[in-house]
Amino acid sequence: MARPSLLLPLGLALLALYLLALPRDARARPGDREVGERQDLSPNDPQVRKATQAAMATYNMGSNSIYYFRDTTILRAQSQLVAGIKYYLTVEMGGTACRKNAVAGDHIDLTTCPLAGGVQQEKLRCDFEILMVPWQNSSQLLKHDCVTL
């Protein structure tokens, strides 16, 4: 029989081997996520709002419309930790009554722009992928795909 002083280390070694032999899924605790895995976020999260505003500003700069668009509903939001935070957003947007002009530039508060009324209002649903790098105070719209509603 093994000496009592060897039973504890031997038992721990067997337990460690058993745990290592388990599939990775069985070892994970509930709520654990893989590094770089997408995470669902609340549309009301302040960081989601900030990412949406950055996506809207970039979209409006590149849009050929003479009117600004603004978000009306954030349908889905996810984040992924990369060399910064990548946000995946699905947003419904509406055309506003605010015209783009050189005087206001990019510094217009879209929340104060009323949505265009009636048949003139253009409605879009867009998927945005935006990279936010907080320590560099930068954002970059990587992809967008919009369809008319």
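Structure above, values below:
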| quantity | calculated |
| --- | --- |
| Selection from the range 29-67 of residues that are part of a loop (DSSP other than H, G, I, E, B), at pLDDT 90 or above and open to solvent by 100 Å² or more (accessible area, probe 1.4 Å) | R38, N44, N64 |
| Condition met for N101 (among the polar types (S, T, N, Q), modelled with pLDDT under 95 and over 22 Å from D145 (Cα atoms)) | yes |
| Boolean, D25 is open to solvent by 50 Å² or more (accessible area, probe 1.4 Å), over 23 Å from F128 (Cβ atoms) and either in a helix (DSSP H, G or I) or modelled with pLDDT of 90 or more (or both) | yes |
| Test: residue in the range 124-146 that is among the polar types (S, T, N, Q), open to solvent by less than 90 Å² (accessible area, probe 1.4 Å) and over 22 Å from Q39 (Cα atoms) | no |
| Members of the range 68-87 that are in a strand (DSSP E or B) and surrounded by fewer than 19 Cβ atoms within 10 Å (Cβ to Cβ) | T72, T73, L75, R76, Q78, Q80, L81, V82, G84, I85 |
| Enumeration of residues in the range 68-88 that are of a type in the set (K, R) and in contact with a helix residue (DSSP H, G or I) (Cβ under 9 Å, 6 or more places away or on another chain) | R70 |
| Within the range 43-74, tally of residues that are over 12 Å from the mean Cα position of the chain (by Cα) and charged (D, E, K, R) | 2 |
| Single residue of the range 88-110 satisfying the filter (aliphatic (A, V, I, L, M) and under 27 Å from V133 (Cβ atoms)) that is most open to solvent (accessible area, probe 1.4 Å) | I108 |
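The values are calculated or read from the model by the stated rules, or taken from the named source; none is laboratory data. All of these numbers come straight from a predicted model, not from anything done at the bench. Glycine gets a Cβ as well: all are built from the backbone with ideal geometry, and neighbour counts include every protein chain shown. Please note that ligands, DNA and RNA were not included when accessible areas were found on the heavy atoms of the full protein model with its side chains. Shrake-Rupley method; radii C 1.70, N 1.55, O 1.52, S 1.80 Å.
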